[in-house]
1. Looking only at region B:225-242, decide whether some residue is within 14 Å of chain A (Cβ to nearest Cβ), touching a helix residue (DSSP H, G or I) at 6+ places or on another chain (Cβ under 6 Å) and over 16 Å from B:Asn35 (Cα atoms).
2. Would you mention how many residues in region A:168-209 are among the polar types (S, T, N, Q) and within 17 Å of the chain's Cα centre (by Cα)?
3. Is there a residue being in contact with a Pro (Cβ under 6 Å, 6 or more places away or on another chain), within 14 Å of another protein chain (Cβ to nearest Cβ) and part of a loop (DSSP other than H, G, I, E, B) anywhere in region A:206-221?
4. Across region B:195-224, what is the total count of residues that are within 14 Å of chain A (Cβ to nearest Cβ) and either within 19 Å of B:Glu245 (Cβ to Cβ) or among the polar types (S, T, N, Q) (or both)?
5. Looking only at residues in region A:248-263 that are small (Gly, Ala, Ser), in a loop (DSSP other than H, G, I, E, B) and surrounded by 16 or more Cβ atoms within 10 Å (Cβ to Cβ), which one is nearest to the chain's Cα centre (by Cα)?
6. Considering only region A:87-195, give the strands (runs of 3 or more DSSP E) lying wholly within it that have at least 3 residues that are farther than 30 Å from A:Asn290 by Cβ.
7. Can you report the number of residues in region A:264-288 which are part of a strand (DSSP E or B) and within 14 Å of chain B (Cβ to nearest Cβ)?
8. Could you list, in sequence order, all residues of region B:77-110 that are under 13 Å from B:Leu121 (Cβ atoms) and of a type in the set (Gly, Ala, Ser)?
Amino acid sequence: MRVKLAVAAISCLLALTIGVPAAGAAPRDGYFLRPGHETVIHLQASNGYQLTIYRWPRFLAIEVHGPGVETWYSVRARKLGKNVAQASLPGFGAVAVRFAPSGPTRRLHPYRGCEGPGAEVQKGMVRGRIEFVGEGRYTEAKVDHASAEMISWTRQRCRYLRRHPRRHRRISASFLAEPYDGGGATFEARRFVAGVRPAGRQILFESFSGARVGRVNVSRSVFAVASASSFLFPDGMKNPEHVIFAPPSPFSGTGTLQRTAESTYTWEGSLSVKFPGIGPAVPLTGTQFNLAFCALRGCIYQYEPGEEESSRL
Amino acid sequence: MLLLTYFGHSSEYDVGFAVPDYGVGVLYVTRISDNADYSATLYAVRLHGDAGKGRFTARFPGIGEIAVRFKDKGRPGVGKNERGCKGPPPVREEGVVRGAIKLKGEGGYFHVSRRAAPAELQRSFRLKCTKGHAAYEAVKVGSPPRDYVAPSFSIPVGTGGSTSALLYAVARTEGRYVAVRAGHRQNSAPGAEVQAVALEGDRRMAIAHFAVTHAGAGTLLTSLPGEHPAKATLSPPAPFHGEAEFLENSSGSHSWSGSLGIAFPGFDIPLTGHGYETSLCVITPLKFPEGCDLIKPQPLVPESPNLFLWRPR
């Protein structure tokens, strides 16, 4: 299952980078996916985290995931042989391994929206050296072998997938606060329609932060689920523009959205988030955020002054 | 036929004159600032003479007189008919008007005295058009002068976006129609667009004064949607002065009071007091995504003058 999800996600990513826009006999709303391959390596790290390493022809990425946490560290890599994964992540570690297949291959179902055979998966092992240390040593791993899969696919003719309308109806309200300057962290909250998810998981909170540390692109995200009381309308639907968010750990504090006498909105409070290994908690409220809040029949937006006409959110 | 002529710049104003049909002439005095604030006064009178032959006199009681003749320069240019229409194409002649042009605004706020001015004469002819392609006429040919300074009343719409707070005050007082409209556009920065208009006249001349200002924080402050008693304060910058308050009473009626007024060129008008009808709309886009402008019937106010702004190339 993990392989299928990884393949689906990666194929979409690759289509954006190496997919060829539709031409000739390609679908008008589609693209061609070039033949390719990737290596996926799985290993356990310290403090309850797991590492998944993805190796593509020119990129290597390490995904660190744990309960409510997902951090990606990615670098450009030299194009080497198909069975070789090698890259240095200065400040974080290095990968230098060779894939050795074992056992028969199996074929996956065709990609959704694509015409062509499904990808082929070859299980095996990688041997060599894998070292990784997260910021502040929040997790570490050092191994000389690990289980892995080599996934290969042929040229595919694909169409762009449309967003499933049913998914929108599952969400009754959503909120996004995004810093003006791209620094700091975003905060997102989604309230699912009652009954769609268990009561204790009706609200989904997420926070995302990106940074570049030398040659390494680091993308951090954390998420938490909670009950409806964490996405609260204190005045009920009489005043749906007054909302208080109180997500659980790794978040702390509360954030309040409120309309002013000017008919603009404030986003205030003590809400912050702690990313693994990163210094103090990152504040998630203030005046330097673009805001978007949707509920009932419409949405409200507030942008950085001077950017009102853009559609950034 | 449409004759456009430009008399030049006087004090802070551009002064021009237009003959939108054979029987009416409109003098327009406008001031537009860098941030799109503008004020304008239009004076419309019946013409004497033969405007069809480019020779006419326009008398503006208390303002002055224009007695000129159009003289073309060079070959006329031939335009193209609207798509879907058949008939003689429109003709455009550049030239000058020569004669006597002596005008002075109330209190001397503008002053023009010259013997000639650049002009352009546009002639269009009877056309046969397929359904849906005939050009829209804001004012029917043969209408009285008043219709050229106060275009057909229409549903008021904000400038490019719905409003989430909208305040109107309208009165007929001392022979004038006076209105003020203040609105905060959804998703915009603190502040409001404030418009005022005063229409007056007799059988000799119709006059319309317009002012629009894009004002900043503190201009329009209101209670929250659904909050009672509903209230609003309006305190826009120049050319307005003073402040007004709208307050809902316990009985559901409301009061409109304060010192708010506007300094139009040459005279000052109070915008509060006896005879004003007012309405306040404060909505949340979450319940009313279409905004205040279409929520309920508002006192009808011409949103902007029918300006014939033209300057020679």
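The values are calculated or read from the model by the stated rules, or taken from the named source; none is laboratory data. Everything numeric here is computed off the predicted structure, so don't read it as measured data. Don't worry about glycine lacking a Cβ; one is built from the backbone with ideal geometry, like all the others, and counts go over all protein chains shown.
1. Yes, some residue in region B:225-242 is within 14 Å of chain A (Cβ to nearest Cβ), touching a helix residue (DSSP H, G or I) at 6+ places or on another chain (Cβ under 6 Å) and over 16 Å from B:Asn35 (Cα atoms).
2. Selection size over region A:168-209: 3.
3. Looking through region A:206-221, none of the residues is in contact with a Pro (Cβ under 6 Å, 6 or more places away or on another chain), within 14 Å of another protein chain (Cβ to nearest Cβ) and part of a loop (DSSP other than H, G, I, E, B).
4. 9
5. Start the filter on region A:248-263 by keeping residues that are small (Gly, Ala, Ser), which leaves A:249, A:252-253, A:255, A:261, A:263.
Now restrict to residues that are in a loop (DSSP other than H, G, I, E, B): A:249, A:253, A:261, A:263.
Retained after the next criterion (residues that are surrounded by 16 or more Cβ atoms within 10 Å (Cβ to Cβ)): A:253, A:261, A:263.
Details: A:Gly253: 24, A:Ala261: 37, A:Ser263: 34 Å.
By that ranking, first place goes to A:Gly253.
6. The qualifying strands (runs of 3 or more DSSP E) are A:93-107, A:120-133, A:140-153, A:156-159.
7. Taking region A:264-288 first, the residues part of a strand (DSSP E or B) are A:265-269, A:272-273, A:282-283.
Now narrow it down to the ones that are within 14 Å of chain B (Cβ to nearest Cβ): A:265-266.
Summing the residues that are part of a strand (DSSP E or B) and within 14 Å of chain B (Cβ to nearest Cβ) in region A:264-288 gives 2.
8. Once the filter is applied, which keeps residues that are under 13 Å from B:Leu121 (Cβ atoms) and of a type in the set (Gly, Ala, Ser), region B:77-110 yields B:Gly77, B:Gly79, B:Gly95.
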